[in-house]
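The values are calculated or read from the model by the stated rules, or taken from the named source; none is laboratory data. The structure presented is a predicted model; accordingly, all values stated were derived computationally and were not measured. A quick note on method: Cβ atoms are made from the backbone with ideal geometry, for glycine too, and the neighbour counts reach across all protein chains shown.
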Amino acid sequence: MLNIRRISSSRWWHKKKIWIFLGIFLFLVFVRISKGSLYKDFFYFISRPFWPGQFQKEVILKSINQESLIKSNLLNKDNIRLREILSLQQSSSNDKISAAVISRKTGGWWRQIILNKGSKDGVEIGSAVTGPGGLLGRVNNTSLFTSSVTLITSPESKLGVWVDRSQINGLLVGSGDDHPSLILYSEAADIKVGDFVSSSPASSLLPPNIPIGIVQSIDETSQSKKTAKISLLAKPHLIDWVQILKLNIQ
């Protein structure tokens, strides 16, 4: 009787093993057919407690926003730069020559830029040179292919200018830094911070009404004259393209 029970138990165990193997086989077949979707769904639920929280999400979103802002700013600067170049090239006419800045000395005492246009292109000594914003300086020397420009920030530069609001003339003198001095030979001269300065209609060196800059500060210590520092509209250390005004009115 005991042997019969053992044989019966053994057969039952063997049948159970067969069903287990069959179940595993069918599960693997199902996984294969479903391409692991069941496993992925299962992993989705068991890994959910370990997902990055709201803090990590905010950090990532902030990084993405900062990256987008930087890219937008860079594209903006490129667009402005290209528009300036196109504007200079499109506005060229018979009395203007577009030129590129190939060398510059905008710091220290001697302040000048060198352009890639010279006497073969019609550039003449004394011609005014402008860039985006306004006046940069005057041509002081030419070769066949290049020309040198003395910047209005150079101590060698002295030009007649016009204060638009008060309708008075003054003398703009380079002082070797980024802010040339405006000298008005009258103690009672009407000038204020923020006044707009341009080339003088009475100047014998420049065409009239070329924008130059804005009054930044005023020194009223002298009794015989007023002196002001001018913030230039055109920035020589940033400009790559200029226009040379061919009209020489010396």
- Message: For a quick check of your reading of the model, give me the residue pairs whose first member lies in region 212-226 and is among the hydroxyl-bearing types (Ser, Thr, Tyr), whose second is modelled with pLDDT under 85, with beta-carbon atoms closer than 7 Å and at least 6 apart or on different chains.
- Response: Ser224/Glu187
- Item | Of all residues making up region 170-187, the number that are more than 17 Å from Ala234 (Cα to Cα) and out of contact with any strand residue (DSSP E or B) (no Cβ under 6 Å at 6 or more places or on another chain) | 3
- Message: It is to be established whether one or more residues within region 218-231 are at pLDDT 85 or above, part of a loop (DSSP other than H, G, I, E, B) and surrounded by fewer than 12 Cβ atoms within 10 Å (Cβ to Cβ).
- Response: no
- What is the one condition in (1) within 26 Å of the chain's Cα centre (by Cα); (2) at pLDDT 90 or above; (3) closer than 18 Å to Asn140 by Cβ that Ile214 does not satisfy? (3)
- Query: Do we find a residue being assigned to a strand (DSSP E or B), in the same structural domain as Ala234 (by TED's automatic domain parsing) and among the small types (Gly, Ala, Ser) anywhere in region 119-129?
  - Reply: yes
- Item | Top-ranked residue of region 161-191 - restricted to ones that are within 11 Å of Lys229 (Cα to Cα) and part of a loop (DSSP other than H, G, I, E, B), ranked as nearest to the chain's Cα centre (by Cα) | Asp178
- Would you please name the residue that is surrounded by the most Cβ atoms within 10 Å (Cβ to Cβ), looking only at residues in region 171-208 that are free of Cβ contacts under 8 Å to residues at least 24 places away in the same chain and either touching a Ser or Thr at 6+ places or on another chain (Cβ under 6 Å) or over 15 Å from Glu156 (Cα atoms) (or both)? Val173
- Matching residues, region 234-250, being buried (at least 18 other Cβ atoms within 10 Å of the Cβ) and not in a strand (DSSP E or B): Ala234, Pro236, Ile239
